[in-house]
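What follows is a single structure, written as structure tokens, with notes after it.
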Amino acid sequence: MRGFRERMLVRDVWAWIDERIKPLHSESCPTTNSHGRVLAGDIQSKMDVPPFNRSAMDGYALQADQTVGAGDYNPIAFQFIGESFPGQPFLGEVARGHCVRIMTGAPCPLGVDAVVPAEFAILEDKQVHITQAVTPGKHVGLAGEDIRKGDKILNSNRRLRPQDVGLLASVGVTEVEVIRQPKIRLVITGNELVQPGETRSPYQIFDSNSVMLQGLVERDGGMLESCIHISDDCEAVRTAIISPGADVVLVSGGSSVGAEDFAPVIVVEEGELPIHGIAMRPSSPTGLGRVGESTVVLLPGNPVSCLCAYDFFAGRIIRRLGGSRIDWPYSQQMYGLQKKIVSAIGRLDYCRVRIHDDGVTPLAISGASILSSTTQADGFVIVPTDSEGFGPGEKVTVYLYDSWSRK
Ligand code: AMP
Ligand code: MG
């Protein structure tokens, strides 16, 4: 058994990641499958939206200046000459004194400049009696009012939201250039692990890290290449790490300096492991390196350490490869601390907290093996490397695990 001689600072690990990891190349993707993908370039519209002037109401299209003075006690009569439906316009020109019944979204015919809503009109024997005056342009959506031909509608590196995909469809885009999703391999090690659903002997435990990591990888835009479950067998771990095909290999368990911790030795033998041991709690036995084309992250097996190390390093790598922003996908909020948080100079702390009506408290039971501390918590507070902690009453930044499902 070896010990960690020195531990690297979190900010230096981040600098290593940001310098070494660059976004992957782009590929073409059908717009219909592009939700969540990251744009490789700006998108410009090749058309106006809407492509024609259209009605924003069900009513009557006419010339606005002829409605001046119209009211309940002074209806003004127009001759009813036809109808315009969405996709089936009225094709003629509308002369003065004439009107066309029009539906929401239907093209405005030539000669009209406004629409009077149906509730201010009475149709009787081919005559429409208008009881409201309208100004030119009223209830008419002009061609190009949403998007103009040539407008830049979405920026490079944007992770596409559902409404973005809708916007792409609205300008007729069928394929978009997106950054390739990084392929992620999970290598889950541990003689003691069984899968939920399998028979568990008394001293075995269920593997919780692989499903947790799959969720995190999906959240960050990665694509699961494979999830390999293996025992603490040096050659099995070696094969799982060195096989080509993954942009990132995440190894869970056996990342430290114990007798069964093979992964660090293998990465040194097969590639390079410039980072092993990080000045933080939990997750200090984390390693980062490279084997062949793959970036390898060695995640401690303790579930909280595994989550924390993923969030600090693996997620950042996956988001960067995929062209997303590197920062955490957690919203931040300031809260008053109700109980002190103690740390040590030289080490960064990841402290789970719970939100109450009058502030936040750190969770009492918070060891690296206590996964329920992360489900009881609403978020976490970071105690920076150069701080000894925070006292009661201090304002702290809370990173919220999510913004909507607080208990
Ligand atoms: P290791 O990092 O392999 O030394 O494991 C540290 C602790 O985490 C041990 O108590 C393991 O049993 C536990 N552990 C390792 N892998 C997993 C996993 N996939 N799911 C749940 N617990 C794990
Ligand atoms: Mg293990």
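Every number here is computed from the coordinates shown, using simple stated rules; none is lab data. Computed from a prediction, not measured in an experiment: that's the story for all the values here. A quick note on method: Cβ atoms are made from the backbone with ideal geometry, for glycine too, and the neighbour counts reach across all protein chains shown.
Database remark: amide H of G82 closer than 5 angstrom to the amide H of R101 (H placed geometrically; neighbours at sequence offset of 5 or more, or on other chains; Pro and chain starts carry no H).
Set Lys and Arg Cβ to +1 and Asp and Glu Cβ to -1, take the dipole of the chain about its Cα centre, and tell me which of G391, L110, Q338 lies farthest positive. Working it through, the farthest residue towards the positive pole turns out to be G391.
Largest mean-square fluctuation among P303, P244, P282, in a Gaussian network model of the chain whose springs join Cα atoms under 10 Å apart, belongs to P244. For the options I241, I122, I188, a Gaussian network treatment of the chain with springs between C-alpha atoms closer than 10 Å singles out I122 as fluctuating the most. About its Cα centre, region 54-141 has a charge dipole of approximately 180 debye under the convention of +1 per Lys or Arg Cβ and -1 per Asp or Glu Cβ, with nothing else charged. Along the charge dipole of the chain, which of A377, G41, A279 sits closest to the positive end, that is, farthest toward it, with unit charges on the beta carbon of Lys, Arg, Asp and Glu (+1, +1, -1, -1)? Value: A279. Inter-part distance, region 1-53 to region 154-173, computed on C-alpha centroids, equals 16 Å.
Measuring how big region 54-141 is from its alpha-carbon positions, Rg and Dmax come out at 11.2, 36 Å. With only Cα atoms counted, region 40-79 has Rg and Dmax values of 18.7, 61 Å. Here L186, L400 are placed in order of increasing Cβ neighbour count within 10 Å, fewest first, which gives L400, L186. Mean sequence separation of contacting Cα pairs (under 8 Å, at least six apart), scaled by the length of the chain, corresponds to a relative contact order of 16 percent. Annotation for region 154-244: GluC sites (Glu not before Pro) lying in DSSP loop with at most 16 further Cβ atoms inside 10 Å of their Cβ are E192, E198. Value of Rg to Rh for region 332-400, rounded to two decimals, is 0.94; Kirkwood radius and Rg both from alpha-carbon coordinates.
Close amide-amide hydrogen proximity is noted between V194 and I205, F206, D207, each under 5 Å apart and 5 or more residues distant or on a separate chain (H modeled in the peptide plane; Pro and chain starts excluded). Among L62, L216, L91, the largest mean-square fluctuation in a Gaussian network model of the chain, built with springs joining Cα atoms closer than 10 Å, belongs to L91. When I242, I17 are sorted by how many other C-beta atoms sit within 10 angstrom of their C-beta, beginning with the fewest, the order is I242, I17.
Scaled to the globular estimate 2.2 N^0.38 Å, the Cα spread of the chain, given as radius of gyration, is 1.44. Relative contact order of region 192-290: 15 percent, from C-alpha pairs under 8 Å at least 6 residues apart in sequence.
With +1 on each Lys and Arg Cβ and -1 on each Asp and Glu Cβ, how big is the dipole of the chain about its Cα centre, in debye rounded to the nearest 20?
Details: 39 positive and 48 negative charges, 123 e Å.
For the chain, the charge dipole is close to 600 debye.
Residue order for S252, S294, S231, fewest other beta carbons within 10 angstrom first, comes to S231, S294, S252. The mean sequence distance of close C-alpha pairs (under 8 Å, at least 6 residues apart), as a share of the length of region 332-400, puts its relative contact order at 49 percent.
Assuming a ≥ b ≥ c are the square roots of the Cα gyration tensor eigenvalues, decide whether region 187-271 counts as rounded (a/c under 1.5), prolate (otherwise, with a/b larger than b/c) or oblate.
Since a/c reaches 1.5 but b/c is at least a/b, the shape of region 187-271 is classed as oblate.
Inter-part distance, region 291-356 to region 83-106, computed on C-alpha centroids, equals 60 Å.
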